[in-house]
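The values are calculated or read from the model by the stated rules, or taken from the named source; none is laboratory data. None of the values given here were measured: they were computed from a predicted structure. Note: ideal-geometry Cβ built from the backbone for every residue, glycine included; neighbour counts use all protein chains shown.
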Ligand SMILES: [Zn+2]
């Protein structure tokens with residue numbers, strides 16, 4: 001009997017749900033939602049390994065290091081585990097070439113319909129999914145109507161609002177919130193980053209490991225700087241430069257553009273909070289969410305407290321819009337007009 005470690009930083013709600021779940025009550029579909037870089041895919045991968053581990057255990061979570069299943073899982077050769085990273089497009093129009101990360105509807109049906117080779121289970125983990133055809137969406141619906149015994153599909157997405165409601169409703173949905181800064185720092189330290197650098201990168205991360213790593217890797221803070229600059233210009237009524245959002249980049253998928261815009265909205269909320277804090281208190285003693293932006297935000301024209309509170313509520317609502325299937329470009333325009341000074 002084992003209760004091997006099952007340690008995913010953050011992910012408290014998901015850990016709680018699965019830690020108390022009777023394995024017999026496992027659902028066929030789970031939808032992990034939340035911003036990029038907060039541990040959705042890591043959790044999905046470890047959950048899959050736990051479900052496939054052959055050493056008996058009392059619940060769902062936990063895996064050993066030694067059983068054959070765990071060993072081939074670590075070697076990435078487990079025949080009953082399918083994972084697609086990044087955005088995949090299911091059901092690409094016939095006639096066009098499939099890229100590495102694109103599954104045809106037929107591939108998906110096959111993967112979902114196969115029985116486990118060496119275990120009673122088969123786990124399919126997919127990233128952001130765009131259904132290009134009705135057939136593809138129907139294939140997934142059919143899976144839920146007649147799920148093969150032991151099959152579990154896990155979708156991880158930062159924009160659940162883009163899923164068809166008929167599909168979304170079949171999944172058990174679990175939210176992964178942004179990580180606390182100390183959690184981000186902890187993950188980085190475990191990866192060998194020295195504590196002081198980890199702490200600084202965590203401060204710039206907005207709760208995302210992905211962004212923290214980008215900051216560490218090449219000092220690439222361009223998205224963050226771009227977002228704060230964009231915000232400051234929008235607030236002044238100047239035309240902001242949306243280049244950093246890469247909305248015109250044809251190599252970027254819709255989901256990636258949506259994620260970029262989602263980050264802009266999140267940075268705008270941080271900037272708004274700090275702008276309001278500086279306006280109310282001014283002094284150096286006030287802790288800011290983005291202390292390195294103090295100069296930029298401190299120079300913004302003052303607005304009344306009620307006006308700032310109304311803005312915060314409005315930007316919160318735009319955040320909801322950014323996670324829906326409204327076009328990313330429209331969300332950016334809406335945000336810009338909302339922040340602009342009233343004539
Ligand atoms: Zn094992």
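For a quick check of your reading of the model, give me the residue pairs whose first member lies in the stretch 295-307 and is within 14 Å of residue 340 (Cα to Cα), whose second is in a loop (DSSP other than H, G, I, E, B) and at pLDDT 90 or above, with beta-carbon atoms closer than 9 Å and at least 6 apart or on different chains.
Listed by first residue and then by second, the contacts come to 301/341; 303/341.
Here is a yes/no grid of residues against (1) under 24 Å from the mean Cα position of the chain (by Cα); (2) outside any loop (DSSP other than H, G, I, E, B):
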site	(1), (2)
10	yes, no
31	yes, yes
42	yes, yes
47	yes, yes
78	no, no
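Against the definition (at pLDDT below 85, away from the ligand (no atom under 16 Å from the Cβ) and part of a helix (DSSP H, G or I)), how does residue 89 come out, yes or no?
no
For the stretch 58-71, enumerate the residues that are surrounded by 15 or more Cβ atoms within 10 Å (Cβ to Cβ) and within 8 Å of the ligand (Cβ to nearest atom).
Within the stretch 58-71, 63, 64, 67, 69, 70 qualify.
Across the stretch 248-280, what is the total count of residues that are under 23 Å from residue 314 (Cα atoms) and more than 17 Å from the chain's Cα centre (by Cα)?
13
For the condition surrounded by 15 or more Cβ atoms within 10 Å (Cβ to Cβ) and over 16 Å from the mean Cα position of the chain (by Cα), what is the one hit in 155, 206, 188, 164?
Sole residue among the options that is surrounded by 15 or more Cβ atoms within 10 Å (Cβ to Cβ) and over 16 Å from the mean Cα position of the chain (by Cα): 188.
Under 9 Å between Cβ atoms, which residue pairs at least 6 apart in sequence (or on different chains) link something in the stretch 106-126 that is on the phi < 0 side of the Ramachandran plot and modelled with pLDDT of 70 or more with a partner that is exposed (fewer than 13 other Cβ atoms within 10 Å of the Cβ) and in a helix (DSSP H, G or I)?
Correct list of pairs: 118/68.
Among the listed residues 42, 15, 55, identify the single one that is away from the ligand (no atom under 16 Å from the Cβ), farther than 23 Å from residue 169 by Cα, surrounded by 13 or more Cβ atoms within 10 Å (Cβ to Cβ) and free of Cβ contacts under 8 Å to residues at least 60 places away in the same chain.
Result: 42 is the single residue among 42, 15, 55 that is away from the ligand (no atom under 16 Å from the Cβ), farther than 23 Å from residue 169 by Cα, surrounded by 13 or more Cβ atoms within 10 Å (Cβ to Cβ) and free of Cβ contacts under 8 Å to residues at least 60 places away in the same chain.
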